[in-house]
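Shown next, in structure tokens, is the structure this report addresses.
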Amino acid sequence: MTRGRGWLVGYGALTVAHLVTIAIGETWSQLITKVLLMPTLAMWVRVNGGPVTLLVALVASLVGDFLLQVDQLLPGMLAFGVAHVCYVLLFARRARKRSLVLVAAYGVVWLAALVVLWPGLGDNRIPVAVYSLLVTATAVTSGWSGWRAGVGGALFLISDGLIGAGLAGHDFTARDYLVMATYCVAQYLLSSGALRGDSR
């Protein structure tokens, strides 16, 4: 993981730049910085010999980033769904200990969030329920694979939970910043967690 530090620095810089573009509210700068995030992280993963499954997850995330940025919710959720299937397959194979307690804990979180958001989701209820189950599965399997990936999976769940809150009409100041900040850190931790698993 010592190779390609320039790509990792670039990813950090793009993350900060994207958060700034949210502040200024300029659509094109938000789109450009957002779609550069995952390719930059993927290059870092590739330089460090990361698994193909992880690279596919990052490419699918890139597609999802673009589609959500141009307000294509369901296609964007589908793209991210592919990413989460990749993460689940990747981390389930690397699991150090399959904890049923973790499954139960995240199951309670998933159900509670769905109960709270359900009334405001309207036509998005079923897609959000299915997608959120995939995100929860990523959180569980990444948690089985070590603290680094586990924190990444938890942050991804928080990020998407904040998006769900917005869809259900529960908006608040700084929600967009928190969505992207937790998402960018989550993708880094999932990627670095997978790479550390390769190095063992």
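The values are calculated or read from the model by the stated rules, or taken from the named source; none is laboratory data. Source: prediction; values computed, not measured. Heads up, the Cβs are rebuilt from the backbone with ideal geometry, glycines too, and the neighbour counts pull from every protein chain shown. When the accessible area is computed, the model is the full protein with side chains, heavy atoms only, and any ligands, DNA or RNA have been set aside. Shrake-Rupley method; radii C 1.70, N 1.55, O 1.52, S 1.80 Å.
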Per DSSP helix of 4 or more residues, -39500 (n - 2.57); summed, then divided by the residues of the chain. What does that give at 222 nm, rounded to the nearest 500?
-29000 deg cm²/dmol
What does the highest-first list of 138-145, 113-120, 155-162 look like by mean Cβ count within 10 Å?
138-145, 155-162, 113-120
Summing Lys, Arg as +1 and Asp, Glu as -1, what charge do residues with Cβ under 12 Å from the Cβ of Leu162 carry, Leu162 excluded?
-2
When every protein chain stays in place and a 1.4 Å probe is rolled, Lys34, Lys97 sorted by accessible area with the largest first are Lys97, Lys34
Of the options Ala17, Tyr183, Ala57, report the single residue whose Cα projects farthest towards the positive end of the charge dipole of the chain (beta-carbon charges: Lys, Arg +1; Asp, Glu -1).
Ala57
Assuming R0 = 25 Å, can you tell me the calculated FRET efficiency for the pair Val108 and Val130, based on Cβ-Cβ distance, to the nearest 0.05?
0.85
Accessible surface, the chain, averaged per residue in Å² (probe 1.4 Å)
48 Å²
Solvent exposure, largest accessible area first (probe 1.4 Å, DNA, RNA and ligands not counted), of Val128, Val85:
Val85, Val128
When Lys and Arg each count +1 and Asp and Glu each count -1, what net charge do the other residues less than 14 Å away from Thr15, Cβ to Cβ, add up to?
-1
Net +/- balance of residues flanking Leu58 in space, Cβ distance below 14 Å, scoring K and R +1, D and E -1:
+1
Gyration tensor on Cα atoms of region 51-96, a ≥ b ≥ c root eigenvalues, a/c under 1.5 rounded, else prolate if a/b beats b/c, else oblate, says prolate
Taking semi-axes √(5λ) of the Cα gyration tensor in Å straight from the coordinates, which label in [x] 25, 23, 13; [y] 30, 16, 15; [z] 35, 18, 16 is the correct one?
[x]
So what J values fall out for region 163-171 if you push phi through Karplus, 6.51 cos²θ - 1.76 cosθ + 1.60 with θ = phi - 60°, rounded to Hz, Gly and Pro as x?
5, x, 4, x, 4, 8, x, 9, 8
